[in-house]
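The values are calculated or read from the model by the stated rules, or taken from the named source; none is laboratory data. As the structure is a prediction and not an experimental result, all values here were calculated from the model. Here Cβ is always computed from backbone atoms with ideal geometry, including for glycine, and neighbour counts include all displayed protein chains. Side chains included, ligands, DNA and RNA excluded: accessible areas come from the protein's heavy atoms. Shrake-Rupley method; radii C 1.70, N 1.55, O 1.52, S 1.80 Å.
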Amino acid sequence: MTHIGVIGGGGWLAGALLRPVLTDRIVKPADLVLSSRSGNISGFEPWPGVHTTTDNSILVDASDVIVFSVRPDDLDEIELDLRGRFVVSVMAGVTVEEIGERFGARRIVRAMPNACAEQRLSFTPWFATEDVRRSEIDFVHRFFSASGRAHLVSNENELDYFTALTGSGAAFPALMADAMIRHAIESGLDPETADVAVRQLFLGAATQMASIEETPADIVELFMEYRGTTAAGLSAMVEADLAHAVFRGLTAAQRRASQRAD
């Protein structure tokens, strides 16, 4: 890959993906072009060689790889001929078929990173059309691996589910963390201490689950066997059907993710 053009390069997701890529020198600053309707692009000051423009046509002419990082609702305002181009999309709910019909591209990758990309902790599932070349597959894997864990899927329909499951980034865990912080405050802890304690708990829990062979279910069972204070809390959560609330939330998110594709 030589020259990369990112449509919507001024957005938060584009920045979260590109800064790790630039830091790791997967893409050279001089080979990167960012477009933004407003012309307001920040966060790339350490790489003064990055080019910016408000004209997507200029971006396309200067790029071998076109990355779409815009809101799906803004797609109707973009008219480009991308026949023969390699296209990478991080737009939720926009299928490769729609991208192909709109822009004439056949070599398309669709990916679903999340807000943890800036911290290099995103889980990014991605799908490639049959026409994508081996060298392009390798580039995409390196590109998304810079911001976390990249995972190639063979069925595009899985991306709608991953939009619900992992596309949330920290949002779903943050909901539980917020409930725990509020309970701690109501129980007498000062807000600052409660906040620090729960953040550290989630950091430790996530690190532990990522580094051990046991499944989350194994961890729950282990603490249940101790029959101590944690087991008492877990039992109460099970009785309150916490799993049902999680299932409902993921089902609602998956339904919303599928609406755009339908």
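Screening residue 132 against (1) open to solvent by 30 Å² or more (accessible area, probe 1.4 Å); (2) over 20 Å from the mean Cα position of the chain (by Cα) leaves a single unmet condition, (1).
Looking only at residues of the stretch 87-123 that are open to solvent by less than 40 Å² (accessible area, probe 1.4 Å), polar (S, T, N, Q) and out of contact with any Ser or Thr (no Cβ under 7 Å at 6 or more places or on another chain), we find that the one that is farthest from residue 8 (Cα to Cα) is 95.
Of all residues in the stretch 115-130, one or more are over 30 Å from residue 173 (Cβ atoms) and in contact with a helix residue (DSSP H, G or I) (Cβ under 6 Å, 6 or more places away or on another chain).
Taking the numbered list (1) surrounded by 12 or more Cβ atoms within 10 Å (Cβ to Cβ); (2) touching a residue at least 24 places away in the same chain (Cβ under 8 Å); (3) out of contact with any Leu (no Cβ under 6 Å at 6 or more places or on another chain) in turn, residue 195 passes all entries but (2).
Tell me, yes or no, whether the stretch 179-198 has at least one residue that is under 23 Å from the mean Cα position of the chain (by Cα), modelled with pLDDT of 95 or more and in a helix (DSSP H, G or I). No: zero hits.
Kindly check whether there is at least one residue in the stretch 135-143 that is under 23 Å from residue 251 (Cβ atoms) and either in contact with a strand residue (DSSP E or B) (Cβ under 9 Å, 6 or more places away or on another chain) or of a type outside the set (A, V, I, L, M) (or both). I'd like the intermediate steps shown before the answer.
Keep residues of the stretch 135-143 that are under 23 Å from residue 251 (Cβ atoms), which gives none.
No, the conditions are met nowhere in the stretch 135-143.
Scan the stretch 139-152 for residues that are open to solvent by less than 70 Å² (accessible area, probe 1.4 Å), part of a helix (DSSP H, G or I) and of a type outside the set (Phe, Trp, Tyr) and the total you get is 2. The strands (runs of 3 or more DSSP E) found wholly in the stretch 15-70 and carrying at least 3 residues that are open to solvent by less than 40 Å² (accessible area, probe 1.4 Å) and either at pLDDT 95 or above or closer than 20 Å to residue 99 by Cα (or both) occupy 32-35, 65-68.
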